[in-house]
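For reference, the structure is listed below as structure tokens.
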Amino acid sequence: MSKLWGGRFTKETNKLVEEYTASIQYDKELAEEDIEGSLAHVQMLSECGVISSADMLEIKRGLNIVLENIQSGEFEYDVSHEDIHMNIEKALIDEIGPVGGKLHTGRSRNDQVATDMHMYLVKKVKLFISHIEAVQQAIVKQAEEHVETVLPGYTHLQRAQPVSFAHHMLAYFWMFERDKERFQDSLKRTNVLPLGAGALAGTTFPIDRHRTAELLGFEAVYPNSMDAVSDRDFILEFLSNASMLMMHMSRLSEEMVIWSSQEFQFIELDDSFCTGSSIMPQKKNPDVPELLRAKTGRVYGNLFSLLTVLKGLPLAYNKDMQEDKEGMFDTAKTLDGALKLLAPMIATMTVKTENMKQAVNEDYSNATDIADYLVNKGMTFRESHEMIGKIVLYSIQHQKYLLDLTLQEYQTFTPLFEEDVFDILKPANVMNARKSYGGTSPEQIKVQLELANHHLKVKESV
Ligand code: ARG
């Protein structure tokens, strides 16, 4: 079949070259954006007097037929037309005849593809923001139910200090809040129109790029045509924000895997979110958080791959840039799957409060509090730290926890100890005592929950 750019060629394209240079296999995902962009483009061309209004109407009619064929699955993508832009243009000309050839007036595939991808990402980023909110809602719901649920907090994966389960979960709320803000912020750089930049230098036709922007809902127009067709930083920003979000989801997933192990038994994931083993009948595997953890790798990979594609490219468009798409689509698909599963997985998990409580009763995570206790009785913190270390060692050697020692035993270390030390040592009191702003005491968590709910409401009303 003849090429839309065949004029200066004397030979047919080698089949292998056709295959190698085509992007239609994956850029067909941009079909709707491409047509939406074209509809606005011809509208603007006719308003500016570049094409007649009859031609504009005919092209729009044709484009809508092509769109219907694409949506119904009837459209036949042809690798010999290389990419989505030329597949659509060829189909349009087949549908309405030579007048379809006026569509490409005053534009190039270079500004066209950039426009499609901007439109695609604006839509996706808005969608992901709402998906993140659903995860945050699920977190808040669990947190509200578990303000008083105490479990060991860890550093180095060693028991450190008791914390509230709500506090632990809300830590992720704020990570996701920042992820959301980063996506939100990226929109002002993504919602910018490249169309009208032409191949690289602008166009001789009297077009109105701001009108196209208005028709497509873009907030701004790229002020430099070479920049508009050359950079892919808006995709890199998306991939980078996606990487951070995946990293946060992956850490939470890791905790879900650990917490649901037999060793911890802090949570149980709902049956509907787990899978079994083909050989071991007793198994209930946390495949979803495991896969989410693993898929983080491909999102990072996509970021690095595009950074590397771009790093040595001279201005303006280079064919290398066609490699910007698969990683973007793959990342969007990966994020979509992860976010959609994470929210219900959190909402449906069972929190085993008794096991958490037992865990804090069987560790030394209240040690800091007796160190603070002695400080309040006049000892320096360093001195007290040293002494409590010795008391912990003594307890381990006598197979006891700090709450099991008698007052006499405590007083052999220092007479500063009194009966009230036992109250201080209770895990719930240890947790309740951390009343500093942002701490794990229930009263602080309530402050935090109020703020979290406020953030969710503000976003909803935007
Ligand atoms: N399929 C191409 C891409 O995605 C569209 C732009 C092609 N431009 C060109 N001058 N060959 O990058």
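Bear in mind that the values in this text are calculations on the coordinates, not laboratory data. Since this is a predicted model, take the numbers as computed values, not measurements. No Cβ is skipped: glycine too gets one built from the backbone with ideal geometry, and neighbour counts run over all protein chains shown.
Each residue, MET280 and THR368, gets one label point 7 Å from its Cα in the Cβ direction; the gap between the two is 3.5 nm.
Gain on full extension, evaluated as 0.36 nm per residue between ASP233 and THR353 minus their Cα-Cα distance, stands at 38.6 nm. Pairs with C-alpha atoms separated by more than 30 Å, drawn from the list LYS284/LYS357; LYS90/LYS340; LYS426/LYS457; LYS3/LYS28, are LYS90/LYS340; LYS426/LYS457. Arranged from fewest to most other beta-carbon atoms within 10 Å of their beta carbon, LYS340, LYS11, LYS180, LYS319 become LYS11, LYS319, LYS340, LYS180. All other residues whose Cβ lies under 15 angstrom from that of ASN366 are scored, Lys and Arg at +1 and Asp and Glu at -1, for a net of -2. Summarising the label geometry, the points placed 7 Å from Cα in the beta-carbon direction at HIS156 and ASN361 lie 2.8 nm from one another. The Stokes-Einstein estimate for the range 15-63, based on a Kirkwood radius over Cα pairs and taken at 25 °C with 0.890 mPa s viscosity, is a diffusion coefficient of 197 µm²/s. Using the rule -39500 (n - 2.57) for each DSSP H run of four or more residues, divided by the residues of the chain, the 222 nm mean residue ellipticity is -20500 deg cm²/dmol. On the basis of the beta-carbon distance and an R0 of 25 Å, GLU32 and GLU145 show a calculated FRET efficiency of 0.05. Among residues other than THR334 with Cβ under 13 Å from its Cβ, the summed charge is +3 (Lys and Arg +1, Asp and Glu -1). Computed from the C-beta positions of ALA54 and SER2, the FRET efficiency with R₀ = 25 Å rounds to 0.40.
What's the whole-number percent of alpha carbon pairs in the chain lying beyond 43 angstrom? Summing the P(r) of the chain above 43 Å gives 37 percent of all pairs.
Here the range 340-416 is described by how far its Cα atoms reach on the three principal axes: 56, 26, 16 Å, from widest to narrowest.
Calculate, in whole percent, how much of the Cα-Cα pair population of the range 166-233 lies beyond 19 Å. So the portion of pairs separated by more than 19 Å is 49 percent. Mean separation of Cα pairs under 8 Å and 6 or more residues apart, divided by the residue count, gives the range 327-462 a relative contact order of 17 percent.
The ranking of VAL447, VAL150, VAL122 from fewest to most other beta carbons within 10 Å of each one's beta carbon is VAL447, VAL122, VAL150. With all pairs of different C-alpha atoms in the average, the Kirkwood value for the hydrodynamic radius of the range 175-296 is 18.2 Å. Label-to-label distance for ASP270 and LYS340 is 1.6 nm, based on points extended 7 Å past Cα in the beta-carbon direction.
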